[in-house]
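Report on the following structure.
The values are calculated or read from the model by the stated rules, or taken from the named source; none is laboratory data. What you see is a predicted model, and the numbers here were worked out from it, not measured in a lab. Cβ atoms come from the backbone with ideal geometry, glycine included; neighbour counts cover every protein chain shown. Each accessible area value is taken on the protein alone, full model and side chains, heavy atoms only, with ligands, DNA and RNA left out. Shrake-Rupley method; radii C 1.70, N 1.55, O 1.52, S 1.80 Å.
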Amino acid sequence: MRFPVLPFALASFAPVPLLAYGGFQGGAALWVAVIYTSIFAFFMDQILPHTNRDGSETGEFPAANALSVLLALSHLALMPLAVMSVAGLTGLGGAERVGAFFGFGLYFGQVSNSNAHELIHRGDKILFSLGKWVYISMLYGHHTTAHRLLHHVHVSTPLDPNFPPKGRSFYRYFLRGWVGSFTRGYRVEQQRAARAGRVTPYVAYVGGGLAFLLAFGLAFGWGGVAAYLGLCFYAQSQLAMVDYLQHYGLARQKLPDGSYEPQASHHSWNSPHWFSSHMMVNAARHSDHHANPNRMYPALRLPQDHPVLPYSLPAMGIVALLPALWFKLMDKRVDKVLSTARQAAIKG
């Protein structure tokens, strides 16, 4: 493909002008943004053929980093507008404020989170810092540490606070994962800081989050604080949902010596759906990301033998809100994936 980043740009950036306009003017633009990241995305995933599973062949994508920077800067510009809109400070009516909450919240939760995840895996310090500050702006700065130093190291084991074992609902998972990733991440960074003789990045995570909260409080009052906290919670819950969907039940086997089997492609769920994959900068190709965390999103692959969710990530997020339906749909699939992998290991 000559322009591998173009579909990602079209799918992920489209809501930005709608939200920017709707935040000030209200009206249909806000509801179009809501529909775009929810109903429209679902139907496009059903209508369009599955995306090319091979990924782009070239290894360098300057435009991919440029798009990530654009999306991150757009997020940071949209956040104050989102707070103002939801708080009613741009003259929106009650229904329009609801539309603003879901329009901005869905975009932050699905696109901003996915893009920040890409940035914190970049080796360039500026790109990394930009991703970190996107997370900080959503009061989730500690994810910068927890994702890289806990999740990628201990994925699919109890040592990863963001691993959902089979039978655990999203509601039981969310708070446990948030607290566990914050506290365990803090201990890891404290030890690293002590060895290196530097300040722990939790100073920036917590201090930066408090600075955002104080700034919005001073600028927009208590209504702004409430709007900001609500938007952050909504965005955080969507990030946690993606982690839940991508690893549910696919536990690594504990070995006789107490260690765990090496992580492999069958320890992550994936999705081949074209539209949501491009809107979320290939967050759905999670097995290859774990195998190659520095591989840029246009190059991520999805071989036929990687576990695949029955529906796209956004659709499965709705199913996961109904635990009985989720368990019925997923638990047999979990057993099948793990059983197939163990049989292959025995034969191999």
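Tell me whether region 232-241 contains one or more residues that are free of Cβ contacts under 8 Å to residues at least 40 places away in the same chain, of a type in the set (Phe, Trp, Tyr), open to solvent by 10 Å² or more (accessible area, probe 1.4 Å) and under 30 Å from ALA87 (Cα atoms). There is at least one residue in region 232-241 that is free of Cβ contacts under 8 Å to residues at least 40 places away in the same chain, of a type in the set (Phe, Trp, Tyr), open to solvent by 10 Å² or more (accessible area, probe 1.4 Å) and under 30 Å from ALA87 (Cα atoms). Residues that are in contact with a Gly (Cβ under 8 Å, 6 or more places away or on another chain) and over 20 Å from ALA315 (Cβ atoms) within region 265-294 comprise ASP288, ASN294, listed in sequence order.
Checked against the criteria, ALA63 does not count as closer than 16 Å to VAL32 by Cβ, open to solvent by 20 Å² or more (accessible area, probe 1.4 Å) and among the small types (Gly, Ala, Ser). Within region 188-211, count every residue that is touching a residue at least 40 places away in the same chain (Cβ under 8 Å) and touching a Ser or Thr at 6+ places or on another chain (Cβ under 6 Å). Total meeting the criteria: 1. Filtering ALA100, ALA95 for residues that are over 30 Å from ASP160 (Cα atoms), crowded, with 23+ Cβ neighbours inside 10 Å and among the small types (Gly, Ala, Ser) leaves a single hit, ALA100.
Out of GLY197, GLY141, I need the residue that is touching a helix residue (DSSP H, G or I) at 6+ places or on another chain (Cβ under 8 Å) and not hydrophobic (A, V, I, L, M, F, W, C). Which one? Give the steps one after another, and end with the answer.
Numbers: GLY197 fails: touching a helix residue (DSSP H, G or I) at 6+ places or on another chain (Cβ under 8 Å).
Going through GLY197, GLY141 in turn, just one is touching a helix residue (DSSP H, G or I) at 6+ places or on another chain (Cβ under 8 Å) and not hydrophobic (A, V, I, L, M, F, W, C): GLY141.
Within region 303-341, the set of residues being open to solvent by 70 Å² or more (accessible area, probe 1.4 Å) and small (Gly, Ala, Ser) comprises just one member, ALA324.
For region 1-49, which residues satisfy the criterion of being exposed (fewer than 14 other Cβ atoms within 10 Å of the Cβ) and either among the polar types (S, T, N, Q) or touching a Cys at 6+ places or on another chain (Cβ under 8 Å) (or both)? Listed by number, the list holds a single entry, GLN46. For LYS336, the conditions (1) part of a helix (DSSP H, G or I); (2) touching a residue at least 24 places away in the same chain (Cβ under 8 Å) are fulfilled apart from (2). Looking only at region 169-214, count how many residues are on the phi < 0 side of the Ramachandran plot, part of a loop (DSSP other than H, G, I, E, B) and open to solvent by 60 Å² or more (accessible area, probe 1.4 Å). Within region 169-214, residues that are on the phi < 0 side of the Ramachandran plot, part of a loop (DSSP other than H, G, I, E, B) and open to solvent by 60 Å² or more (accessible area, probe 1.4 Å) number 2.
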